[in-house]
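Chemist: Dropping a structure here in structure tokens format, bear with me for questions.
The values are calculated or read from the model by the stated rules, or taken from the named source; none is laboratory data. All values derive from a computational prediction rather than experimental measurement. Reconstructed Cβ throughout: ideal geometry from the backbone, glycine too, with neighbour counts over all protein chains shown.
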Amino acid sequence: MPELGAVEPELGLKKAIFGRAAFVRMLSGGVAIQAALSASNFLVGLLLVRRTPDAQYGYYVLITTVVLLSAILQGAFIQPPMTIRFTRSNDDERANLVGGLLRDQRRLMPFIIGLSALLLSILMLAGKLNLALAAIIVGGTLAVIAGLRREFFRMVLFMYQRPNDVLRCDLVYCVVLVSGAFLSTLSRLPAAATALTLSVSAFIAGTLLSKAQWRHAPWNRKAPLGKLREIAHEGAWSSFGGGVHWLFSQGYNYVVAGTLDVRAVAALAATRLLVMPVGLLSSGVSTLMLPTVSKWTHQHSARKILTRLALFAAGLAAAAAVYLVVMWLARDWIFDRVLRKHFANRDLLLGIWALICLVTIFRDQLLYFLVARARFRLTAMVTLCSAIVCFGVSFAAMRRVGVIGALLGLLVGELLNVAGIIVFSLREARHRPDA
């Protein structure tokens with residue numbers, strides 16, 4: 001019979017091996033999810049770039065920018081407090097939390113419809129509303145509502161570490177979206193039709209996600225209201241930071257559209273298409289990293305967690321660099337044969353986008369060290385300072401070099417953001433080594 005002292009190391013080794021295997025499976029699921037989403041978003045963008053006027057593609061980019069903003073605000077408000085509560089709650093408490101948040105979310109939908117109606121009224125009174133623009137706004141509103149529902153259940157399933165369920169539903173989403181986008185390019189209003197397709201695909205995927213969640217862990221349909229208000233003191237700062245980061249990571253589209261024109265937005269978005277897989281992969285992995293880092297916070301020292309995140313980010317950056325080099329070497333063929341479009345300063349735009357993507361990989365991964373420690377106000381202030389610098393540089397640069405200036409400001413803002421995250425993370429690790 002083996003001695004107790006010999007059994008304990010063996011059990012510890014098995015536990016470590018199974019834990020790492022589970023992490024690898026979860027991570028591979030996240031990679032597969034983002035690969036599917038990246039491919040579908042690229043195909044939709046490719047269809048619109050090739051088969052529609054630049055202005056129509058520019059309007060579609062503005063729509064998806066708003067949809068992304070709504071998802072960022074919801075995710076930033078709900079996910080960090082939810083993650084913290086999930087790590088210390090039982091099944092009933094989780095069911096009440098999910099049910100209460102879902103009921104609160106549904107009560108906000110009339111507010112979104114009201115904002116859309118207000119925008120339509122303002123444009124009508126200003127004499128700038130036509131059928132095409134009205135259809136775009138209506139389609140975008142439906143896409144926001146359906147997208148919020150879909151993203152909520154994706155978030156919950158990730159909390160329960162069910163990436164395979166998310167993958168199956170996202171595959172359906174991708175198929176419907178790409179198929180609908182192709183049909184939309186045949187219509188007279190391709191931007192509005194694609195926005196409607198976005199809402200339909202999000203609704204179908206959201207329904208499938210909700211059924212998958214219900215089978216795994218049903219939520220309390222009669223959970224008390226007020227969960228959003230309950231987490232507001234944590235989620236407000238996180239949401240503020242997410243919204244501010246959207247201003248300089250995505251909001252530049254509106255700055256460019258207002259300063260230059262919608263066709264300039266199309267030029268930025270088309271060149272960004274080629275580096276999109278890198279950004280979507282990084283952000284997709286991050287949705288799985290937050291629950292993981294939250295668990296590490298209770299198991300490891302701050303320095304060990306920071307080291308793990310830095311190494312993980314470096315690995316992702318190395319893989320991304322390989323893709324970016326291959327894409328750069330094939331850029332002439334891609335623009336000539338695949339996109340069938342030519343833009344001024346194409347190579348310079350593409351090179352700056354590649355640098356921005358590498359910087360955001362480190363930002364996405366390192367940020368969750370502070371988020372897992374509930375340092376929402378600190379991260380929001382770092383993001384706000386970065387956004388102010390970003391817009392200042394962008395406005396000044398656009399006056400001199402046109403659309404390139406928008407990307408220069410974005411690059412400076414992202415570099416400042418990452419630098420701030422690193423500085424305050426090291427300070428946090430030094431002062432609170434075992435939070």
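Chemist: So which residues in segment 183-221 are over 23 Å from residue 66 (Cβ atoms) and touching a residue at least 12 places away in the same chain (Cβ under 8 Å)?
Modeler: Hits for segment 183-221 are 208, 210, 212, 213, 216, 217, 218, 219, 220, 221.
Chemist: I've got another one for you. If residue 18 meets every condition in (1) at pLDDT 80 or above; (2) surrounded by fewer than 17 Cβ atoms within 10 Å (Cβ to Cβ) apart from one, which number is that one?
Modeler: (1)
Chemist: I've got another one for you. Among the residues that make up segment 152-170, is at least one of them surrounded by fewer than 21 Cβ atoms within 10 Å (Cβ to Cβ) and over 30 Å from residue 89 (Cβ atoms)?
Modeler: No, segment 152-170 has no match at all.
Chemist: Restricting attention to segment 76-117, and to residues there that are over 22 Å from the mean Cα position of the chain (by Cα) and of a type in the set (Val, Ile, Thr), which single residue is farthest from residue 213 (Cα to Cα)?
Modeler: 113
Chemist: Next question, about the same structure. Checking the structure you have, find out if any residue of segment 305-313 is of a type in the set (Phe, Trp, Tyr) and at pLDDT below 80.
Modeler: no
Chemist: Name the single residue that is farthest from residue 267 (Cα to Cα) among those in segment 379-391 being at pLDDT 85 or above and surrounded by fewer than 21 Cβ atoms within 10 Å (Cβ to Cβ).
Modeler: 381
Chemist: Do we find a residue being in a helix (DSSP H, G or I), of a type in the set (Gly, Ala, Ser) and assigned by TED's automatic domain parsing to the domain that holds residue 61 anywhere in segment 182-189?
Modeler: Checking segment 182-189: at least one residue is in a helix (DSSP H, G or I), of a type in the set (Gly, Ala, Ser) and assigned by TED's automatic domain parsing to the domain that holds residue 61.
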